[in-house]
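Below you'll find the structure, written out as structure tokens, and then a few comments.
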Amino acid sequence: MKEKSLFEIIDIESLPLGNALMKLRPCSGKMPDMEPGQFVNILVPDTPGAFLRRPISICNVCDGLLWLFIKAAGTGTRHLCSMKAGEKLDIVLPLGNGFTMPESKDARILLIGGGVGIAPLLYFGIRLREQGYNPRFLLGGATADSLQLLDEFKKAGEVYITTDDGSCGVRGTVLAHDIIRSQTDRFYCCGPTPMMKGVAALAREMNVDCEVSLENRMACGLGACLCCVEDTIEGHRCVCSWGPVFNTKELKWHES
Amino acid sequence: MNLKVKIAPGLELRNPVITASGTFGYGPEYADFVDLSRLGGIIVKGTTLEPRQGNPYPRIAETPSGMLNAVGLQNPGVDAFVNMTYRIIRDIDTAVIVNISGSSPEDYAEVSRRLSGLDRIAAIEVNISCPNVKSGGMAFGTSTDGAAMVTKAVRENYDGPVIVKLSPNVTDIVSIAKAAEDAGADALSLTNTFLGMAVDVERMKPLLSTVTGGLSGPCIRPIAVRMVWQVAKAVQVPVIGLGGIMNGRDALEFIMAGATAIQVGTANFIDPAVSVRIVDEIREFCDRHGVADLSEIRGII
Ligand SMILES: Cc1cc2nc3c(=O)[nH]c(=O)nc-3n(C[C@H](O)[C@H](O)[C@H](O)COP(=O)(O)OP(=O)(O)OC[C@H]3O[C@@H](n4cnc5c(N)ncnc54)[C@H](O)[C@@H]3O)c2cc1C
Ligand SMILES: Cc1cc2nc3c(=O)[nH]c(=O)nc-3n(C[C@H](O)[C@H](O)[C@H](O)COP(=O)(O)O)c2cc1C
Ligand code: FES
């Protein structure tokens, strides 16, 4: 069941590159059930330039707190990143579908993230670990600075790293790391679109199942306005309600 | 206090608050947030004769106090509506109104005919802001002849109430309103979105795939209120006002300008429960001002 609820910021940590990790508690005291891959839709307070809600992935749910990992990308997210503990946010949640759990506990799975796209992979990785799976993470960034929440990821599984400038891990994009060509049953990927398209193309070539989480622009977040569609083999589908997670087999990326 | 309003013979709403087409899905999308039976009505997504995929992405751009959309009437077509969607929504306890669109008067006529047998559909709302394929793509709603032609096509093929939804992209909305009234409209709703455009300056590209799109939200409200005021003074049939209504105060602005009922569109995206809150806020206003029936303040300006 979806709800619109007030959350209080309990902690907000500023990270390099204008990012922030926000931890929130539901004012009602009751945290809704949420699946990894789902997202929330936030009303940005006191910011005339941010009229519509802003969709943000669920980064983790832990000790009664909802974690959001936010990149200051524009007017709305900049305001969110500058907020203080004690302030409150009006949030609609949980929205969208989640990642599909692998069929077998022995499945070799690789969670591939770039930029703020790592956010939903943390919650998913932790859930996988709790349920006895063995997730591995491949995280890419421009520089060492841009690799964040690494300690949290390491608690959930092995972490492999690439940076564009080689300041940490393998130099290049995630596609440059050998681990991506190792025996794998499924990729789960979230990051900038060019990165997801690159991973999807490789998955196709290697015949590996691949799920990606899309970030199309949204208005309602509820499947009502049809603003956020992605072109799929079944026609236009709303990213907010059919997605944000799609199997790349459903998408038409390889056609363009 | 009486919040009931009469829109047409056989169409009385329990209150004046209706959700606008294209912003509320078919209703169930909002059922977690809104007790749908507390609404005056729900107007479902624009329905056409054939299924439509709509325009390519990106279809949305945020603008100051509003948004542009270029969804382009994506819908599964009237037969899918009749055979599938209708079964799901027929038991919603409010007035369910179907918004229809087409590329020719024949399209509108045929869609109306196929909706005729549905006993739980309270009315048709005719979107006349669509391009007329035969007259070079000019929207029906931008000429008196076009508006009259489409209204007649629906009137002759549908026995229930017919609401004609006017386009604001015209120089003289009153003449179009009168043309629709003369052609048999039971009520008029206004306004639809305003044609607009926005550019991504850094990328030097339009923000919408279609370059131009429909502007909605509070930025259009003063123009919509003015149009409702002009039209309500000029026609005999009830007028339903919409455009940027965010709360009860905004709704009352339209009612005082002459609207019998109002619709809530873009505001549903900001607060999914806003529609019922508007009902409460109108009631609270009436309490505070000793208004026993909305007719006491309707068109008071
Ligand atoms: C399902 C989903 C999950 C997301 N998860 C996260 C997350 O966990 N952390 C995070 O930091 N960001 C996330 N985003 C992206 C985030 O929603 C946008 O960065 C934000 O809406 C931008 O708002 P703004 O006011 O700061 O920027 P604006 O001033 O509106 O625009 C700044 C830039 O952001 C881009 N942008 C604007 N809206 C969106 C949007 N809806 N989606 C993608 N790009 C957009 C614009 O093209 C522009 O380049 C997610 C988006 C979606 C759809
Ligand atoms: C995403 C979106 C889709 C819409 N789809 C339709 C439609 O299918 N048919 C229609 O007549 N109007 C459609 N409209 C117009 C609205 O019903 C309404 O007339 C307009 O948005 C102005 O009201 P508002 O400012 O309260 O949103 C749509 C508007 C939006 C924002
Ligand atoms: S954002 Fe409205 S349908 Fe997806």
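Tabulated data for the structure shown
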quantity	calculated
Residues within the stretch B:1-35 that are more than 11 Å from chain A (Cβ to nearest Cβ), over 24 Å from residue B:253 (Cα atoms) and not charged (D, E, K, R), tallied	2
Yes/no for residue A:179 being among the β-branched types (Val, Ile, Thr), modelled with pLDDT of 95 or more and either outside any helix (DSSP H, G or I) or more than 16 Å from ligand 2 (Cβ to nearest atom) (or both)	no
Selection from the stretch A:1-14 of residues that are touching an Asp or Glu at 6+ places or on another chain (Cβ under 9 Å), more than 15 Å from residue A:98 (Cα to Cα) and either of a type in the set (D, E, K, R) or not in a strand (DSSP E or B) (or both)	A:3, A:4, A:8
Condition check for residue A:86: in contact with a strand residue (DSSP E or B) (Cβ under 9 Å, 6 or more places away or on another chain) and within 13 Å of ligand 1 (Cβ to nearest atom)	no
Any chance residue A:74 is away from ligand 2 (no atom under 16 Å from the Cβ) and more than 26 Å from residue A:241 (Cβ to Cβ)	no
Criterion (out of contact with any strand residue (DSSP E or B) (no Cβ under 6 Å at 6 or more places or on another chain) and either modelled with pLDDT under 95 or crowded, with 24+ Cβ neighbours inside 10 Å (or both)) met by exactly one of B:213, B:141	B:141
Count of the stretch B:55-94 residues which are within 16 Å of ligand 1 (Cβ to nearest atom) and among the basic types (Lys, Arg)	1
Filter result for residue A:164 (within 22 Å of the chain's Cα centre (by Cα), open to solvent by 50 Å² or more (accessible area, probe 1.4 Å), outside the structural domain of residue A:149 (by TED's automatic domain parsing) and more than 16 Å from ligand 2 (Cβ to nearest atom))	no
Residue that is farthest from the other protein chains (Cβ to nearest Cβ), among those in the stretch A:48-72 that are touching a residue at least 24 places away in the same chain (Cβ under 8 Å), open to solvent by 20 Å² or more (accessible area, probe 1.4 Å) and assigned to a loop (DSSP other than H, G, I, E, B)	A:64
Criterion violated by residue B:130 - all others in (1) surrounded by 22 or more Cβ atoms within 10 Å (Cβ to Cβ); (2) modelled with pLDDT of 95 or more satisfied	(2)
Test: residue in the stretch B:38-53 that is open to solvent by less than 20 Å² (accessible area, probe 1.4 Å), within 10 Å of chain A (Cβ to nearest Cβ), closer than 25 Å to residue A:95 by Cβ and over 19 Å from the mean Cα position of the chain (by Cα)	no
Meets criteria (more than 14 Å from every other protein chain (Cβ to nearest Cβ), over 14 Å from the mean Cα position of the chain (by Cα) and closer than 25 Å to residue B:38 by Cα) for residue B:277	no
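The values are calculated or read from the model by the stated rules, or taken from the named source; none is laboratory data. No experiment lies behind these values; they were computed from the predicted model shown. Note: ideal-geometry Cβ built from the backbone for every residue, glycine included; neighbour counts use all protein chains shown. Ligands, DNA and RNA are stripped out before the accessible areas are found, and what is left, the full protein with its side chains, is counted by its heavy atoms. Shrake-Rupley method; radii C 1.70, N 1.55, O 1.52, S 1.80 Å.
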